[in-house]
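The values are calculated or read from the model by the stated rules, or taken from the named source; none is laboratory data. Everything quoted here is computed from the prediction, not taken from an experiment. Note: areas computed on protein heavy atoms with side chains; ligands, DNA, RNA excluded. Shrake-Rupley method; radii C 1.70, N 1.55, O 1.52, S 1.80 Å.
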Amino acid sequence: MADERRSADLDEELVRALYREHAGPLFAYVLRLVSGDRQRAEDVVQETLIRAWKNADRLSGATGSLRPWLVTVARRVVIDAHRGRRSRPQEVDAAPLESVPAADEIDRALRAMTLTDALDALTPAHRAVLVETYFEGRTVAEAADVLGIPAGTVRSRVFYALRSLKLALAERGVTP
């Protein structure tokens, strides 16, 4: 237990010494790498010193200056951050999107449900001619062929079906 505490104290002292000796020059170097962004430079120096602390067992026995190692780590942190920003899409603030009016899909769905309900209220013959002429887009002659009835009957049923549909929609609160 005493050995672990002594090791932790030595690691902490190493990081403090690294900070006193190298933080200023390292910050100046990183500041150039990040185009003068002081906040990013501080973050990079902090990350570099954290990595030094994590590798304290290797660094405590090193001979010579540790600045080259620190500079290399700082440069790699900057490069990794740059690559990370390029690989992710740029984040945008959602506030401007909230002011853009959007079509209300609920209203559209309710209209479709109301229309379906009104169509169900029609007789099968009236519903069939409306489906063929309005929803399938067929001419009277084409609808007559599909339904197997005369074209005049299709025209007559369309007329009465539209009247019935108008009444069914009015009963459901839909007005023209």
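Would it be correct to say that A74 is in a loop (DSSP other than H, G, I, E, B) and either modelled with pLDDT of 85 or more or open to solvent by less than 60 Å² (accessible area, probe 1.4 Å) (or both)? Walk me through it before giving the result.
Values: in a loop (DSSP other than H, G, I, E, B): no; either modelled with pLDDT of 85 or more or open to solvent by less than 60 Å² (accessible area, probe 1.4 Å) (or both): yes.
Criteria not met by A74.
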Quiz item: What residue, of L59, L33, is more than 40 Å from the chain's Cα centre (by Cα) and of a type in the set (A, V, I, L, M, F, W, C)?
Solution: L59
